[in-house]
1. Quick one: which of Phe172, Phe136, Phe142 is in a strand (DSSP E or B) and not assigned by TED's automatic domain parsing to the domain that holds Ala254?
2. Can Glu139 be described as at pLDDT 90 or above, under 28 Å from Thr200 (Cα atoms) and in contact with a helix residue (DSSP H, G or I) (Cβ under 6 Å, 6 or more places away or on another chain)?
3. Can you find a residue that is outside the structural domain of Gln223 (by TED's automatic domain parsing) and assigned to a strand (DSSP E or B) anywhere in the stretch 176-192?
4. Give the residues of the stretch 135-192 that are under 14 Å from Asp219 (Cβ atoms), without any contact (Cβ under 8 Å) to a residue 24 or more places away in the chain and not polar (S, T, N, Q), sorted by residue number.
5. Please go through the stretch 115-133 and give me each residue that is loosely packed, with under 15 Cβ neighbours inside 10 Å and either at pLDDT below 90 or not in a helix (DSSP H, G or I) (or both), ordered by number.
6. Among the residues of the stretch 64-93, how many are at pLDDT 70 or above and more than 30 Å from Leu131 (Cβ to Cβ)?
Amino acid sequence: MNETKHSPFRPSSESSNLEQAALSVPFKEDPGAELTNSDKAQEVLKKLESAGVLQTAAERAALVKADQAAQRQKLELEKLSGIQSLDWKSIPPPMLAQILVAIPFRGSGTDPDYYLTPVQGMIFALRCFELGLSPFSNEVWFNTKNNKVNVTFEGKLKLARMNGQNLSPPLFERQPADPSKPLVAYKCTIVAPHGKCEYTATLKEWRVASSPVWRDRPDHMLQLRAAEKCLSFATGSGSSELMGEQDLQVGKEAEAFIPSFTQETK
């Protein structure tokens, strides 16, 4: 009698009998005890084996993996059922921290992406609540080197708008002005309600050697850094204790502030 090989990943007339066999043989009833999900899975395996449906270890492993994935998804959905609003500020703090630890953060330069610990997730949520900036946006990022929340270029622009600060578009001056000569620095000028603010960012000070974008687009990145630092002085938001390449993230706020410049980032 020839044996037919089965694949859990390719439908066949015999593999389609997996569910039918599992349903056709009832569980042993025991009024004094309830079967756990794991017990039920094992019972299903025994029934399928006795029915001659499961022929290979691969089929048994596939069924177990499918059951485990279904149970994990069920538990996650049960946790999310406690969320009553799409407003992140109304999400219970412990649940918000659980969501934040599942989000990968982009590393600086060639550093790998990273995830927050539960405590870091809670710190991140608390600080974002204080700032009024969303932890799910590119307005902020969490620096694991000092457990501090950094406000990005985009976030600083949003805070300025929220506070009603009327800022002029930034004015950039290349040093030297001749584009055929090697780049040395960029000077940025922003006029705020309290006066004119200036900052000069030098390539020697700010260039990130390990970053491909700094290597390929030094003019663009240095302009962003000059604007970010100048904006900090213009808005009084200050600078981060430990800065990173992630500080230079831009979005809709930056598009409205310097549209011709931010279009280059896309």
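The values are calculated or read from the model by the stated rules, or taken from the named source; none is laboratory data. Since the structure is predicted, the reported quantities are computational estimates derived from the model, not experimental observations. Because the Cβ atoms are built from the backbone with ideal geometry, glycine has one as well, and the counts that use them run over all protein chains shown.
1. Working: Phe172 fails: not assigned by TED's automatic domain parsing to the domain that holds Ala254; Phe136 fails: in a strand (DSSP E or B).
Step by step, each of Phe172, Phe136, Phe142 is checked, and only Phe142 is in a strand (DSSP E or B) and not assigned by TED's automatic domain parsing to the domain that holds Ala254.
2. Values: at pLDDT 90 or above: yes; under 28 Å from Thr200 (Cα atoms): yes; in contact with a helix residue (DSSP H, G or I) (Cβ under 6 Å, 6 or more places away or on another chain): yes.
Considered against the rule, which asks whether it is at pLDDT 90 or above, under 28 Å from Thr200 (Cα atoms) and in contact with a helix residue (DSSP H, G or I) (Cβ under 6 Å, 6 or more places away or on another chain), Glu139 comes out as yes.
3. So in the stretch 176-192, the residues outside the structural domain of Gln223 (by TED's automatic domain parsing) come out as none.
Looking for residues that are outside the structural domain of Gln223 (by TED's automatic domain parsing) and assigned to a strand (DSSP E or B), one finds none in the stretch 176-192, hence no.
4. Keep residues of the stretch 135-192 that are under 14 Å from Asp219 (Cβ atoms), which gives 172-188.
With without any contact (Cβ under 8 Å) to a residue 24 or more places away in the chain added as a condition, the list becomes 173, 176-182, 184.
Correct list: Glu173, Pro176, Ala177, Asp178, Pro179, Lys181, Pro182, Val184.
5. Tyr115, Thr117, Gly132 - these are the residues of the stretch 115-133 that are loosely packed, with under 15 Cβ neighbours inside 10 Å and either at pLDDT below 90 or not in a helix (DSSP H, G or I) (or both).
6. Residues in the stretch 64-93 being at pLDDT 70 or above and more than 30 Å from Leu131 (Cβ to Cβ): 8 in total.
For every residue, the table says whether it meets (1) outside the structural domain of Trp206 (by TED's automatic domain parsing); (2) touching a Leu at 6+ places or on another chain (Cβ under 7 Å); (3) hydrophobic (A, V, I, L, M, F, W, C); (4) closer than 27 Å to Leu231 by Cα.
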| position | (1), (2), (3), (4) |
| --- | --- |
| Pro94 | yes, no, no, no |
| Ala97 | yes, no, yes, no |
| Pro118 | yes, no, no, no |
| Gly121 | yes, yes, no, no |
| Phe124 | yes, yes, yes, yes |
| Glu130 | yes, no, no, yes |
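Quick grid of which residues meet (1) closer than 16 Å to Ala254 by Cβ; (2) surrounded by 16 or more Cβ atoms within 10 Å (Cβ to Cβ):
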{"residue": "Asn147", "(1), (2)": "no, no"}
{"residue": "Thr152", "(1), (2)": "yes, yes"}
{"residue": "Ser168", "(1), (2)": "yes, no"}
{"residue": "Pro179", "(1), (2)": "no, no"}
{"residue": "Thr189", "(1), (2)": "no, yes"}
